[in-house]
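The values are calculated or read from the model by the stated rules, or taken from the named source; none is laboratory data. Only a predicted model underlies this, so the values are computations on that prediction, with no experimental measurement involved. Here Cβ is always computed from backbone atoms with ideal geometry, including for glycine, and neighbour counts include all displayed protein chains.
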Amino acid sequence: ADRLFAESKAEADRLFAESKAEADRRAAEAEARLARAEAIAAQANQAVSALTSPWEQLVENLVAPGVMHLFQDQGITIHTTLQRVRASNLGRHLTLDILAVNEGVVVAIEVKSRLTQKHIRQLIQKMDDFKVLLPQYQHHRLYGAVAAIEIDGDVDIYAHNQGFFVIRQSGDNITLSNPTPFNPRTW
């Protein structure tokens with residue numbers, strides 16, 4: 001009986017070891033497939049970024065020259081525009097496409113080829129962080145604006161409701177598409 005028990009235990013141990021080895025092999029294969037899939041996804045993201053970034057820079061370069069005159073009807077005279085502004089402070093970072101500035105006002109403008117609600121939420125966060133990360137403007141009135149070639153659904157209405165100026169292309173020019181009267185939010 002002891003011999004039979006020992007043989008059964010040995011067989012069970014052998015089967016368990018084989019089963020564990022097979023499970024380990026399958027887990028390793030699954031990890032390898034996942035790593036390959038993640039690498040492919042990373043390459044795809046890089047390819048999309050490589051296409052999106054130049055496209056958005058083109059849109060930004062189309063918007064920037066018109067900004068100097070765009071806000072005059074709103075009573076805001078712009079003296080200077082700055083593109084691709086970056087700031088970092090206290091471990092926080094900020095990147096803005098265009099800053100339109102005069103002695104007492106700053107308009108932070110985000111430019112997108114296609115504007116989504118997510119972009120508006122991100123801009124709200126940037127506006128909240130702006131004066132901490134760019135303290136040289138802490139005494140300026142700060143407004144926000146979005147510019148886009150294409151706008152998803154009612155995202156322009158959402159942007160208006162959040163107090164942002166909305167800039168659109170109109171023929172060869174750019175225009176503000178906010179309803180009148182429009183009272184922009186001041187940060």
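Counting only residues that are modelled with pLDDT of 90 or more and surrounded by fewer than 18 Cβ atoms within 10 Å (Cβ to Cβ), which one in the range 143-159 is nearest to ILE98 (Cα to Cα)?
Filtering first and then ranking leaves ILE157.
Restricting attention to the range 163-172, does a residue exist that is in contact with a Lys or Arg (Cβ under 6 Å, 6 or more places away or on another chain), among the small types (Gly, Ala, Ser) and either at pLDDT 95 or above or not in a loop (DSSP other than H, G, I, E, B) (or both)?
Just the residues of the range 163-172 that are in contact with a Lys or Arg (Cβ under 6 Å, 6 or more places away or on another chain), to begin with: 163.
Then keep just the ones that are among the small types (Gly, Ala, Ser); that gives 163.
After this cut, where a residue has to be either at pLDDT 95 or above or not in a loop (DSSP other than H, G, I, E, B) (or both) as well, the list is 163.
Among the residues of the range 163-172, at least one is in contact with a Lys or Arg (Cβ under 6 Å, 6 or more places away or on another chain), among the small types (Gly, Ala, Ser) and either at pLDDT 95 or above or not in a loop (DSSP other than H, G, I, E, B) (or both), which makes the answer yes.
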